[in-house]
Structure formats: structure tokens, C-alpha cells
Amino acid sequence: MTYCVGIMLDRGLVLMSDTRTNSGVDNISVFRKMFTWSQPGERIITVMTAGNLATTQAVISMLEERSKAPEDRHNSLLEAPTMFQVAVTIGKLLREVVRETQLENGQEGKSRFTASIILAGQIKGMEPRLFMIYPEGNFIEASFDTPFFQIGETKYGRPILIRGYDRQMSFEDAVKLLMVSFDSTLKANLSVGMPLDLMVIERDNFDPLHEQRIDHTDAYYQAISSSWGDALRQAFYALPNYTFADK
């Protein structure tokens with residue numbers, strides 16, 4: 001499985017993904033799930049993937065080919081006029097890959113080869129945008145009511161995001177929030193694992209403001225993990241005690 005999160009702030013976008021893939025407890029591998037394409041001063045596009053590895057790798061390989069297309073060929077990824085059109089392009093590509101793989105594998109492939117994608121980025125002169133693309137090719141966009149998206153093992157880290165998110169928070173606090181969300185997920189589910197990939201995209205800055213791969217030896221992550229556990233225990237014991245006495 002996997003866990004990926006993209007959140008939208010007033011200042012820009014913050015993205016984080018894990019790197020674990022597995023088909024059983026004795027077959028665990030590390031694969032990157034965050035990919036970025038940019039044109040300095042003009043646009044930056046990042047995607048994160050979850051689901052069947054063969055499906056997501058096929059989609060990423062096709063996007064890579066299009067990003068390196070010769071000058072005489074239309075490049076739908078880097079020449080799309082809006083992020084909405086980028087989402088349409090990736091959605092169609094994902095749908096086609098899923099459908100072709102399912103047809104090749106018959107009825108058994110109906111549920112095994114699906115995938116989902118988080119798309120984030122900005123094109124010059126427009127707002128930063130965040131989308132979640134489903135295996136059917138359709139998608140939804142982040143808004144004030146839905147300011148972040150998760151794919152993969154979402155249930156363990158979601159309560160942290162709901163309680164801690166603030167659209168006006170700093171990039172540093174947003175990274176801290178994602179660290180706690182991922183730590184909670186890692187503690188609860190073995191199918192999500194380190195290292196983690198982090199990307200910060202600042203509004204109107206078409207190069208990544210910050211990129212980092214975080215492994216289990218990272219001092220900041222270790223501090224967040226241990227401090228969060230201590231803080232939870234302190235908060236729990238600070239709550240009013242239950243009593244068996246008559247009310």
C-alpha cells in the first residue's frame with residue numbers, strides 16, 4: 001500500500017509520500033511515488049501515486065516521455081494552458097492504462113490494477129491548484145471546504161490533519177503536521193514505510209522551495225515521533241477522570 005498527502009495553504013502547496021510497496025510481508029521494496037516536472041519561471045507540476053505499481057509506473061513513464069518530446073511534437077504536459085487541462089490529460093492517461101491492463105487480464109484484473117493520483121502545481125499567472133484523480137479518469141479539485149487530499153492508507157493520519165490544519169499556517173508548521181500524520185500511519189500500518197519524500201511549492205516560485213528525503217535516522221523526524229507520543233500520553237492523563245460513583 002502507500003500513503004500520500006497534498007495540502008493547500010495560502011502560501012502554496014506541501015506534499016509528502018512514503019516509498020513502500022509490498023505484495024506480502026516477505027516481499028517489500030522501495031519505489032519513489034513523487035515526481036516533478038518544471039519549467040523555470042513558467043510552471044511546476046508534481047504528482048504522487050498510489051495503487052498498483054505496474055499501473056502507476058506505466059503512467060509516469062508515459063508522462064516522462066511526453067515531457068521530453070522533440071520540439072516538433074506537442075507536449076501535453078508542459079504545454080497545457082491550465083492545471084485543469086493537465087488534470088484532464090493525466091486522468092485520460094490513467095483511465096486508458098487501467099482499462100488496457102484490465103482487458104489484458106480479464107475478469108481477474110477488474111480490481112487489481114487500479115491506481116489514484118494527487119496532482120499539484122502552478123502555471124504562471126494562475127493560482128496554485130491541487131487535484132485528486134481517480135482510476136476512472138475523473139477528478140476533484142481542492143477548495144476551502146476540502147483543502148487537502150490523501151491517497152492510500154488514509155484513515156490513520158486523517159484525524160491529525162482535520163484537527164491541526166490551518167490554511168494560514170506556515171510551511172514549517174505544515175511539514176510538522178504532515179510528519180505527525182505520517183508517524184501515526186507508520187505506527188499503525190506496516191504497508192506504509194520510510195523513507196518519506198517531502199516537497200514544498202511556494203506560490204509564484206516555479207522551482208521547489210524545499211525537497212527532502214526523510215529516512216528513519218532523520219533527527220527531526222525522530223524528535224517529532226517521540227515528542228508526539230509523549231504529548232498524547234500527557235494530554236490523556238490530563239483529561240477528567242471517569243468515576244464509578246453515582247452521578
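Any read-out appearing in this document is the output of simple, stated calculations on the displayed coordinates, not a laboratory observation. What you see is a predicted model; the values in this text were computed from it and never measured.
Axis of helix 171-188 versus longest Cα principal axis of the chain: the two differ by about 80°, to the nearest ten degrees. The range 193-215 and the range 29-48 have Cα centres lying 10 Å from one another. Rounded to whole numbers, the Karplus 3J(HN,Hα) couplings from phi for the range 121-136 are x, 8, 10, 3, x, 10, 7, x, 9, 9, 10, 10, 10, 8, x, 6 Hz, using 6.51 cos²θ - 1.76 cosθ + 1.60 with θ = phi - 60°, and x at Gly and Pro. To the nearest ten degrees, helix 53-67 and the longest principal axis of the Cα atoms of the chain are 50 degrees apart.
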